Amino acid sequence: MARPDWRDRGKERFWRRAIRRWQRSGLSVRAFCAAEALSEPSFYGWRRELARRDQEASAHVAPVARFVPMRVRSDVDVASTTTEVTPASAPAIDVMLANGRQLRVPAGFAPSMLRQLLAVVEEPAC
């Protein structure tokens, strides 16, 4: 039977604080646990578990878009660009990505959709 997925927040908070104190102390784990009257096996187990939880939590966080300097041009040299050029009357924003690619985003494009698009486009290739 699977173990229920509940967490004792008090224990987690206690061990996070203990591990931060250990990191600042400069002591070995053995010396720190002896000074704090903590179980060494529990210390190692919680350190491993909290690292796993932190890694799991960071994997679920959506990537943050990085902004790079942008150059605004009034003229577009159609021969030197690979992006689709829209008529001058259609308002748009050109976004230059860090990898050199360019996105042309029409006015009124939903910010949430733009964030998702940037996350996909800026994702490292496999």
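Find how much the distance from residue 14 to residue 109 grows on full extension, using 0.36 nm per residue of separation minus their present alpha carbon separation; answer in nm with one decimal.
Working: separation 95, 0.36 × 95 = 34.20 nm, distance 4.57 nm.
Length gained, residue 14 through residue 109: 29.6 nm.
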What's the long-distance tail for the range 9-59, i.e. % of Cα pairs beyond 18 Å?
28
For residue 95, other-chain or 5+-apart residues with amide H closer than 5 Å (H placed, Pro excluded) are 103, 104, 105
Extension gain, residue 48 back to residue 120 (0.36 nm per residue minus Cα-Cα distance, nm):
22.8 nm
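Each value in this text was obtained by applying a stated rule to the coordinates, not by laboratory testing. Everything numeric in this text was worked out from a predicted model, so none of it was measured.
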